[in-house]
Amino acid sequence: MKKIILTLSLAFCLQSCSQKSNLNKEEIIAEFTKNTPNPSIYNTHPQYRLEQYSSNCRWEIRLNDMPLFLGEMAHTKNGSISNNSFWLNMNILHSGKQIITIRIYPVEGQKTLGEFATFRLIGLDFYPDKAKDKTNYQRLLSWELPDKNIKDLPFLVIKKEFEAVVPYTNTGWEKSKDLTEIKDLGKMVIEKMKDLEEIMKDQNGIGHLNLTKKFLQEKYTCSYSNSKEIETDCNELVSHFNADMNDIESIEWVPYTNYELVFYGNGRVVSLRRRGDVFNFYGPAYKGKWKDDKSYTEQCFDKFYHIPEGSAELEIIR
């Protein structure tokens with residue numbers, strides 16, 4: 001009898017703990033609003049932006065060892081023309097030195113960069129107060145892949161530094177645990193991705209908010225979001241969560257096989273990479289056909305995990 005009572009008590013405790021950790025939408029919005037600095041306390045709202053152009057190569061750009069865009073694994077893998085811009089504040093945790101790393105690879109099936117590889121860091125720009133003036137900026141960096149002495153290279157890695165000045169401070173992954181030596185890390189990541197996959201299947205937007213609270217909190221902080229913007233964004237995230245699934249038929253979820261662990265954040269952030277027909281997946285993914293034209297599609301929620309200081313659990317950080 002004591003054993004049964006103990007088991008029931010433990011089950012009740014686990015259920016209660018689970019219920020405490022899963023907030024409803026209004027509670028989550030209230031928590032975000034409480035913990036996000038009011039942008040009016042800052043004299044300015046600086047932002048940083050990067051623009052790139054490439055052709056005949058694959059590439060990856062990291063800021064502080066976190067990916068800006070997984071270009072070398074996405075639509076550029078066949079070397080098609082790519083022109084993208086990125087706002088950088090999500091990977092700028094606080095003021096100080098920031099490190100940009102550009103990795104350039106040959107197109108698939110080619111062993112060296114070749115004579116036609118082109119990559120330009122058109123500009124890394126500083127906007128003193130983008131909310132007030134979108135035309136006022138200072139160019140901090142620019143760089144172009146040289147024409148000479150690169151065609152026989154198997155890849156190229158370039159690092160650039162710049163100083164950022166921002167009024168906020170995010171913790172991010174700086175104090176997170178080093179994941180590179182953790183036993184069974186792959187199994188741990190798969191378990192977390194399967195949790196997210198179930199939420200995707202149910203199109204449970206509120207469940208998604210709960211899983212990504214840390215990421216969203218830092219997003220609202222570094223983008224200087226006010227209470228109205230936070231509420232609007234949360235409402236849109238919930239109402240549109242995995243909405244594409246409604247327009248796709250013959251859905252097949254991609255199994256967690258033939259994967260590799262990929263580390264970021266100087267070994268403090270991890271994701272799991274699987275190869276798709278068009279993309280590589282860094283999170284739960286499914287394949288299918290669009291209902292309107294029957295064309296093939298792949299959908300993925302790329303996610304990056306860390307273990308916060310003082311915790312033993314993986315959580316989504318980006």
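Considering only segment 42-50, I want to know if a residue exists there that is under 20 Å from the mean Cα position of the chain (by Cα) and surrounded by fewer than 20 Cβ atoms within 10 Å (Cβ to Cβ). Yes, some residue in segment 42-50 is under 20 Å from the mean Cα position of the chain (by Cα) and surrounded by fewer than 20 Cβ atoms within 10 Å (Cβ to Cβ).
Among the conditions (1) among the small types (Gly, Ala, Ser); (2) free of Cβ contacts under 8 Å to residues at least 24 places away in the same chain; (3) under 30 Å from THR33 (Cβ atoms), the only one that GLY207 does not satisfy is (2). Do the conditions hold for VAL270, that is, is it under 25 Å from THR171 (Cα atoms) and either at pLDDT 95 or above or open to solvent by 60 Å² or more (accessible area, probe 1.4 Å) (or both)? Judged against the criteria, VAL270 is a match.
Is it true that some residue in segment 138-145 is of a type outside the set (A, V, I, L, M), surrounded by fewer than 17 Cβ atoms within 10 Å (Cβ to Cβ) and in contact (Cβ under 8 Å) with a residue 60 or more places away in the chain? Scanning segment 138-145, I find no residue that is of a type outside the set (A, V, I, L, M), surrounded by fewer than 17 Cβ atoms within 10 Å (Cβ to Cβ) and in contact (Cβ under 8 Å) with a residue 60 or more places away in the chain, so the answer is no. Within segment 161-182, identify whether any single residue is more than 30 Å from GLU309 (Cα to Cα) and surrounded by fewer than 16 Cβ atoms within 10 Å (Cβ to Cβ), and answer yes or no. No, segment 161-182 contains no residue that is more than 30 Å from GLU309 (Cα to Cα) and surrounded by fewer than 16 Cβ atoms within 10 Å (Cβ to Cβ). A single entry from ILE100, ILE122 fulfils the requirement of being modelled with pLDDT of 90 or more and within 22 Å of the chain's Cα centre (by Cα): ILE100. Within segment 145-155, the set of residues being more than 29 Å from the chain's Cα centre (by Cα) and under 13 Å from THR118 (Cβ atoms) comprises PRO146, ASP147, ILE150, LYS151.
Does segment 111-128 hold any residues that are assigned to a loop (DSSP other than H, G, I, E, B) and either surrounded by fewer than 16 Cβ atoms within 10 Å (Cβ to Cβ) or in contact with a strand residue (DSSP E or B) (Cβ under 8 Å, 6 or more places away or on another chain) (or both), and which are they? Step through it out loud before you land on a result.
Initial filter on segment 111-128 (assigned to a loop (DSSP other than H, G, I, E, B)): 111-117, 128.
Within segment 111-128, LYS111, THR112, LEU113, GLU115, PHE116, ALA117, PRO128 qualify.
Note on segment 82-106: residues that are hydroxyl-bearing (Ser, Thr, Tyr) and within 14 Å of LEU124 (Cα to Cα) total 2. When ILE158, ILE206, ILE190 are screened for being β-branched (Val, Ile, Thr) and more than 21 Å from the chain's Cα centre (by Cα), only ILE158 passes. If we keep just the residues of segment 140-181 that are among the β-branched types (Val, Ile, Thr) and in a loop (DSSP other than H, G, I, E, B), which is farthest from LYS97 (Cα to Cα)? Applying the filter and picking the extreme gives ILE150.
The one condition from (1) open to solvent by 10 Å² or more (accessible area, probe 1.4 Å); (2) at pLDDT 95 or above; (3) more than 14 Å from the chain's Cα centre (by Cα) that TYR286 does not meet is (1).
Mind checking which helices (runs of 4 or more DSSP H) fall wholly inside segment 182-295 and carry at least 3 residues that are touching a strand residue (DSSP E or B) at 6+ places or on another chain (Cβ under 9 Å)?
On the way: elements: 185-201, 205-211, 213-222, 227-239.
Ranges flagged: 185-201, 213-222.
Going by the structure shown, is ASP133 open to solvent by 10 Å² or more (accessible area, probe 1.4 Å), acidic (Asp, Glu), touching a residue at least 24 places away in the same chain (Cβ under 8 Å) and part of a loop (DSSP other than H, G, I, E, B)? No.
Residues are listed down the side, and each one gets a yes or a no for (1) in contact with a helix residue (DSSP H, G or I) (Cβ under 8 Å, 6 or more places away or on another chain); (2) surrounded by 13 or more Cβ atoms within 10 Å (Cβ to Cβ); (3) under 25 Å from MET90 (Cβ atoms); (4) at pLDDT 95 or above:
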site: HIS240; (1), (2), (3), (4): yes, no, yes, no
site: ILE251; (1), (2), (3), (4): yes, yes, no, yes
site: GLY276; (1), (2), (3), (4): no, yes, yes, no
site: PHE281; (1), (2), (3), (4): no, yes, yes, no
site: GLU313; (1), (2), (3), (4): no, no, yes, yes
site: ILE316; (1), (2), (3), (4): yes, yes, yes, yes
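Give me a count of the residues in segment 189-214 that are open to solvent by 50 Å² or more (accessible area, probe 1.4 Å) and either of a type outside the set (A, V, I, L, M) or more than 18 Å from ASN246 (Cβ to Cβ) (or both). Let's see the steps before the verdict.
So in segment 189-214, the residues open to solvent by 50 Å² or more (accessible area, probe 1.4 Å) come out as 191-192, 194-195, 198, 201-204, 206, 211, 214.
Those still in the list that are either of a type outside the set (A, V, I, L, M) or more than 18 Å from ASN246 (Cβ to Cβ) (or both) too: 191-192, 194-195, 198, 201-204, 211, 214.
Qualifying residue count for the region: 11.
The values are calculated or read from the model by the stated rules, or taken from the named source; none is laboratory data. This one's a predicted model, so the numbers in the text were calculated from it and none came from an experiment. Ideal geometry is used to build each Cβ from the backbone, glycine not excepted, and the neighbour counts take in all protein chains shown. Please note that ligands, DNA and RNA were not included when accessible areas were found on the heavy atoms of the full protein model with its side chains. Shrake-Rupley method; radii C 1.70, N 1.55, O 1.52, S 1.80 Å.
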